[in-house]
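Structure first, then comments.
The values are calculated or read from the model by the stated rules, or taken from the named source; none is laboratory data. Everything numeric in this text was worked out from a predicted model, so none of it was measured. Don't worry about glycine lacking a Cβ; one is built from the backbone with ideal geometry, like all the others, and counts go over all protein chains shown. Just so you know, the surface numbers come from the protein's heavy atoms only, side chains and all, with ligands and any DNA or RNA stripped out. Shrake-Rupley method; radii C 1.70, N 1.55, O 1.52, S 1.80 Å.
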Amino acid sequence: MNTVAKLGVYVGGLAVAFGAAFGIGAAADPVTSSGRPTHGGPARAGDSGTDGRGMPGADLGQSTTAVALPGLAVSQDGYSLMPDTNTLPAGEHVRFRFTVTGPDGAPVQKYTTTHTRDLHLIVVRRDLTGFQHVHPVRDAAGIWTASLQLASGGTYRAFADFTPAARKTGLTLGADISVAGMFTPVPLPAAATTTTTTGGYDVALAGTPAAGHESTLTFTVSRAGSQITDLEPYLGAFGHLVSLRAGDLAYLHTHPAQEAAAGQRGGPTVRFTTEFPTAGTYRLFLDFRAGGAVHTAPFTVVAPAPGAVATTGGAADGPADGPAGGHGH
Ligand SMILES: [Cu+2]
């Protein structure tokens, strides 16, 4: 049992090491071709907490993830994300051009609108800083152009989140962009912080993240100590939540069950039902609109292994806590 326990610690340590490594490739998870829908698609529930416990890789979800998680691949099911360039300068406002090509090799021209847009572009540095959620415009040839400003050097991940009209389910493809310049990695803030301040708003997170089954996350927005009730609709909802798995930046995009009509006001709470595919550390980015502007509130959460609190054997170590050091801003 001690050996198993040590192994668990060792694997946990690996998870931390991955979380602290930047610019690594995106293939930390084996990408399988088994075809369940992947838009935030969960892994098979419950697998990792039983037989697989203590096995190398089990805590990383590698051997238990039977689906291709969104965002880890530049090509999937015949669709490819093709940036014009894989390098951009730091600090400047730049135009980032790319196409999404389909199974016929041509740029995809027809999309199914999701959350009021044909395509959502999420860009984040691989240390999970510098998050941006923008909406590129598409020209008649199917070329997308986004305005970006990448503050400093490092490797960034660009996620294109879209649904081709020819497909029932959405896709999220990801590509790396290298930005020259001084790179000072920022340690991932610890999961202990459950309140984030952004743009004069305080956002509190309540809920218990879980791997392999649904959990409810509730965000409560306040300003100057008072909960607000004038959240504005943003992309057809009162909030959008992007979750990225620390270590490989696997991507989950969830939105609240209730939709928000133009002119409607919401708050103080925005509730999401989300399912983290594997145990691990995730960085959450809540986008909401208030006071006429879009704000982003980041959080770090840890989804414990299913059965992590069980007392059988000696391998009940949960996943590693958030990497040490660092503190919310
Ligand atoms: Cu969007």
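Taking label positions 7 Å along the Cα-Cβ direction at both Asp84 and Ala224, the computed distance is 4.5 nm, reported to one decimal. Taking all Cα pairs closer than 8 Å and separated by 6 or more residues, the relative contact order of segment 132-268 comes to 14 percent. Figure note: Arg223, Arg167 ranked by solvent-accessible area, largest first, 1.4 Å probe, ligands and nucleic acids not counted: Arg223, Arg167. Here the 3J(HN,Hα) profile of segment 122-139, calculated from phi with Karplus coefficients 6.51, -1.76 and 1.60 at θ = phi - 60°, is 10, 10, 8, 6, 5, 8, 6, 10, x, 4, 9, 10, 10, 10, x, 10, 10, 8 Hz, Gly and Pro shown as x. Residues Lys168, Lys110, sorted by accessible area with the largest first, give Lys168, Lys110 [1.4 Å probe; ligands and nucleic acids excluded].
Which FRET efficiency, nearest 0.05, do Ala293 and Thr184 yield, Cβ-Cβ r, R0 25 Å? Computed FRET efficiency for Ala293 and Thr184 comes out at 0.35. What the phi angles of segment 225-235 give under the Karplus curve with 6.51, -1.76 and 1.60, with θ = phi - 60°, is a coupling list of x, 10, 5, 9, 10, 10, 4, 9, x, 9, 6 Hz, glycine and proline written as x. Charge dipole (Cα centre; +1 on Lys/Arg Cβ, -1 on Asp/Glu Cβ; no other charges) of segment 132-267 amounts to roughly 140 debye.
Couplings for segment 169-175, taken from phi via the Karplus curve 6.51 cos²θ - 1.76 cosθ + 1.60 with θ = phi - 60°, read 10, x, 10, 10, 9, x, 9 Hz in order; Gly and Pro are left as x.
What separates the Cα centres of segment 81-103 and segment 119-175 is a distance of 9 Å. Model label points for Ala151 and Val137, set 7 angstrom from Cα along the Cα-to-Cβ axis, are 2.7 nm apart.
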